[in-house]
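Working notes, structure below.
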2 protein chains.
Amino acid sequence: MSDDFVGIILGAIKALDPYRPNFRIETDDVSTLLVGPPEQLFPAMRDLFVSAGSAGKHCVMASTVSRGCPGEPDDPICTPSAHFGKQPPLAERIEAAHKAVALAPVTGLTVAAQFSLYPLGSSHHMDEIYGCIEFVKGSGVFDRSKNFCTKLRGDAGAVFATMSEAFLNFGAPEGHVALDLKVSAHSPTKV
Amino acid sequence: MSDDFVGIILGAIKALDPYRPNFRIETDDVSTLLVGPPEQLFPAMRDLFVSAGSAGKHCVMASTVSRGCPGEPDDPICTPSAHFGKQPPLAERIEAAHKAVALAPVTGLTVAAQFSLYPLGSSHHMDEIYGCIEFVKGSGVFDRSKNFCTKLRGDAGAVFATMSEAFLNFGAPEGHVALDLKVSAHSPTKV
C-alpha cells in the first residue's frame, strides 16, 4: 500500500530466487504462480512476504494454495510426498503439526493472517476441518475464529508454519485440498 | 497501492452504505465481513471495488465468499433462496447464467479477476466445476484458464456478474460452496 509498490513487489519476488530450482514460477498482471513441492510452498511465501514487509509499509498477500491437482498436468510434482497410502489418526496429526510449528524460525515481522481450508471430494470434510481447527487453536498464534476462516496473529515464522501444517496434514492425503489465505503486516488499524 | 490507501479504502467502504439494511457488515484490521443475501453479495463487492478504482490507482480486492454456512449461526440468512429443493440440469443453469451476465450494468472500469470455485461435501464436485467452467468460457469475459483458477477480463459489471452466477448456480443448492477471488484494476503490467 505504497506509491512505490512496483519496487516493493519486484524486490520481494527476488526472495523467491533460492526456491527457483525446485519450482516453476510465473508472474503475470494479477499474480505469481508457484508450482512445486507442497512442503516448500509456505517457506517460499513466508520469505516473499517478510521481504515485502521489510520496507515497513502496510502490505498484504492473498494466496490460493492447492494440492492434489486433479486434471492438472503438474499433479506429479505438486502432491505431497509424505503420508501416501496411509493417514495417521487426527490426534497424531495434530500433535506432529504442533511440533513442527514449535520449530519454526523467528523472522521478527509480526503479521495477522486469515485462512480457510477446503478439503474437496470427501464425505467427511467437516471432520477434517474441525481437526484442523483443534490444531490451530493450540498453535500459539491462534487469534480467533471468524466467519468461515481462522485468524492468526504472531511472528511470520510461526504463522506461515501453522498454515503450512494445516495444508499438509488435514484433508485426504491423496485428495484435493485447497487453502485460501490473506496475510497482513504494518496495518495502521489498532487491534 | 498508494500512500493514500487509508483514504481510498475508507472511501470505498462508503459504497456499501446502500447495502447495509440487508447485511451485517464488520471491519477489522484484515478484512471486511459481509453477511447477507447471496444474490446481493457480488453487486455490493462490485460497487465497493469500482469506488476504490475510481481514484485511478492500482488496486486489488481479495475476497472469500461462502454459502451454505454449516455450523454457522448465520446459516438462515446466507443460504440462497432460489432453487431450494430442486436443481435444474447443468445445461439449463449455464443458459440462465449467461442471460444474467448479459444484463449486467456497465461500470466503465476494466478489471482482471481470478477466481476458484469450491463445492464442498459433494461426491461429484468435479462435474459441478466443469459445468461452471463451461459457463464461464461463454460469459464474454473469459480470459484464460490458469492453474486451479479461471481468469476473467472486462468491465467490472460483467466480471462481477460472472463470478456471482458461478457462485449461485454451481455446487449443490443446499450445500456448502466457497469461492475465492482476486480482482485487479489499473495494473501497470502490460497484458
Region A:145-176, residues that are closer than 13 Å to A:Leu109 by Cβ and among the aliphatic types (A, V, I, L, M): A:Ala156, A:Ala158, A:Val159
Test for A:Ala178: is it surrounded by 20 or more Cβ atoms within 10 Å (Cβ to Cβ) and touching a helix residue (DSSP H, G or I) at 6+ places or on another chain (Cβ under 6 Å): no
Candidate set from region B:117-144 (those that are among the small types (Gly, Ala, Ser) and free of Cβ contacts under 8 Å to residues at least 40 places away in the same chain); member that is farthest from B:Lys182 (Cα to Cα): B:Ser123
Take region A:71-113 and flag every residue that is in contact with a strand residue (DSSP E or B) (Cβ under 9 Å, 6 or more places away or on another chain), surrounded by fewer than 21 Cβ atoms within 10 Å (Cβ to Cβ), at pLDDT 85 or above and not in a loop (DSSP other than H, G, I, E, B). A:Thr110
Restricted to region B:14-70, and to residues that are among the hydroxyl-bearing types (Ser, Thr, Tyr), buried (at least 16 other Cβ atoms within 10 Å of the Cβ) and at the interface with another protein chain (Cβ under 10 Å from one of its Cβ atoms), which residue is nearest to B:Leu109 (Cα to Cα)? B:Ser63
I want to confirm something. Restricting to region B:58-70 and keeping residues that are of a type in the set (Gly, Ala, Ser) and at pLDDT 85 or above, which single residue is nearest to B:Leu33 (Cα to Cα)? B:Ser63
Give the residues of region B:153-162 that are more than 14 Å from chain A (Cβ to nearest Cβ) and assigned to a helix (DSSP H, G or I), sorted by residue number. B:Ala156, B:Gly157, B:Ala158, B:Phe160, B:Ala161, B:Thr162
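Residues checked against (1) under 22 Å from B:His176 (Cβ atoms); (2) more than 10 Å from chain B (Cβ to nearest Cβ); (3) buried (at least 23 other Cβ atoms within 10 Å of the Cβ):
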residue	(1), (2), (3)
A:Phe115	yes, no, yes
A:Lys146	yes, no, no
A:Lys151	yes, no, no
A:Ala166	yes, yes, yes
A:Lys182	yes, no, no
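Here is a yes/no grid of residues against (1) part of a helix (DSSP H, G or I); (2) modelled with pLDDT of 95 or more; (3) more than 13 Å from the chain's Cα centre (by Cα):
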residue	(1), (2), (3)
A:Cys132	yes, no, yes
A:Gly140	no, yes, yes
A:Glu165	yes, yes, no
A:Pro173	no, no, yes
A:Val183	no, yes, no
A:Thr189	no, no, yes
Considering residues that are out of contact with any strand residue (DSSP E or B) (no Cβ under 7 Å at 6 or more places or on another chain) and either touching a residue at least 40 places away in the same chain (Cβ under 8 Å) or part of a helix (DSSP H, G or I) (or both), the number found within region A:9-38 is 13
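The values are calculated or read from the model by the stated rules, or taken from the named source; none is laboratory data. Note that this is a predicted model, so its numbers are computed, not measured. Backbone-built Cβ (ideal geometry, glycine too); neighbour counts: all protein chains shown.
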